[in-house]
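For reference, the structure is listed below as structure tokens.
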Amino acid sequence: MKTALYLIPCPMGDVPPENVLPEYNRSIVIQLRHFIVESRKCAVRFLISLDKNFPIDDCTFTELSEHTDAKADLSGILNPLKEGQSMGVISDAGCPCIGDPGSRAVELAQIKGYQVVPLVGPNSMIMAIMGSGFNGQNFAFNGYLPVKDGERLNKLKALENKVYKEDQTQLFIETPYRNEKMFDSIIKACKPSTKLCIACGITTSGEMIVTKTIDGWKKTKKPEFNKIPAIFLLYK
């Protein structure tokens, strides 16, 4: 195994790793002993799911999350690489560094000239685009939208405008417990003919990827997806 910073995807939800990850990933991960993680608890649970005898006590875990100070000194976070030992980056779900603070570690690795190796795994954004029927050649991920009602409605209208002007699929997410409020805002802000895809619980037994026009959603029972990780997509 070459010395590198490995970007390690995790299952999205309560799914056995072998359902969504290639065996090659496991063969790499079980050799690593130094990890940069979004949360130690989730990382340990994932490693144990790969190998119940994983030597957790022999590992180092450095947490890098949304709660890490943006001005924090990360100069020593890659010290194992400096000493010739490979490291892994693990997010709580899906692929690290996509809408994920692990990107700060990768930025530092690139600056220092260390090799970065992204491993194959589930990515909710790409899988949502695949299942939506929307433009997969021109799309933008907008992360979280404003929480305040007025600002959110204005942002949704701006994103809808981009859909029509630039032929660009617009993706965004919300804190799971606010999914239904986001749905209501989209229905209120967008034109009846605009298409909305809701993709939630991707790769899990409760997976739902449904595309309808706004008018179609108005005529349908509101989806029951509160507290389930979801991605919203707009297109024409």
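Using a 1.4 Å probe on the protein chains only, how many percent of the accessible area of the chain belongs to carbon and sulfur?
49 percent
Mind pulling the per residue volume of the convex hull built on the Cα atoms of the stretch 68-168? Å³ is fine.
Convex hull of Cα atoms, per residue: 158 Å³.
If you count the DSSP beta bridges with both ends in the chain, what percent of them are antiparallel, to the nearest 5?
Rounded to the nearest five, the antiparallel share is 50 percent.
Relative contact order, percent, of the chain when contacts are C-alpha pairs under 8 Å separated by at least 6 residues?
22 percent
Sort 18-28, 114-124 for me by packing, meaning the mean count of neighbouring Cβ atoms within 10 Å per residue, highest on top.
Highest to lowest by the protection proxy: 114-124, 18-28.
Using only protein heavy atoms and a 1.4 Å probe, report how much of residue 139 is accessible, in Å² to the nearest 10.
About 90 Å², rounded to the nearest 10.
Taking +1 at the Cβ of each Lys and Arg and -1 at the Cβ of each Asp and Glu, which of 91, 72, 210 sits farthest along the dipole of the chain towards its positive end, judged by Cα position relative to the Cα centre?
Final value for the positive-end residue is 210.
Any of 148/221; 165/221; 155/227; 41/212; 2/227 with alpha carbons more than 28 Å apart? Name them for me.
Long pairs (Cα-Cα over 28 Å): 165/221; 41/212; 2/227.
Using the Kirkwood radius over Cα pairs, work out the Stokes-Einstein diffusion coefficient for the chain at 25 °C and 0.890 mPa s, in µm²/s as a whole number.
128 µm²/s
Report, to the nearest 10°, how far helix 149-166 tilts away from the longest principal axis of the Cα atoms in the chain, using its own Cα long axis and a range of 0 to 90°.
90 degrees
If you take the charge dipole of the chain about its Cα centre, with +1 on Lys and Arg Cβ and -1 on Asp and Glu Cβ, which of 125, 176, 163 is farthest toward its positive end?
163
Dipole magnitude of the chain about its Cα centre, charges +1 at Lys/Arg Cβ and -1 at Asp/Glu Cβ only, in debye to the nearest 20?
So the dipole magnitude of the chain works out to roughly 920 debye.
Find the accessible area per residue for the chain; the probe is 1.4 Å, ligands and nucleic acids are left out, and the unit is Å².
52 Å²
Taking all protein chains together and a probe of 1.4 Å, list 65, 205 from the most accessible to the least accessible.
Of 65, 205, the descending order of accessible area is 205, 65.
Can you give me the convex hull volume of the Cα atoms of the stretch 21-137, divided per residue and expressed in Å³?
136 Å³
Output the 0 to 90 degree angle, nearest 10, between the alpha-carbon long axis of helix 40-50 and the longest principal axis computed from the alpha carbons of the chain.
With both axes taken from Cα atoms, the answer is about 80 degrees.
Arrange the peptides 216-229, 155-168 so that the one whose residues have, on average, the most other Cβ atoms within 10 Å appears first.
Listed from highest to lowest mean packing, they are 155-168, 216-229.
Any idea what the relative contact order of the stretch 1-92 is, in percent, if you count C-alpha pairs under 8 Å spaced at least 6 apart?
It rounds to 49 percent for the stretch 1-92.
Helix-only estimate, please: 222 nm mean residue ellipticity of the chain, summing -39500 (n - 2.57) across DSSP H runs of length 4 or more and dividing by its residues, to the nearest 500.
Helix contribution divided over all residues of the chain: -9500 deg cm²/dmol.
The values are calculated or read from the model by the stated rules, or taken from the named source; none is laboratory data. Computed from a predicted structure; not experimentally measured. Neighbour counts are summed over all protein chains in view; Cβ atoms, including those assigned to glycine, are modelled from backbone coordinates with ideal geometry. For accessibility, only protein heavy atoms count, side chains too; no ligands or nucleic acids. Shrake-Rupley method; radii C 1.70, N 1.55, O 1.52, S 1.80 Å.
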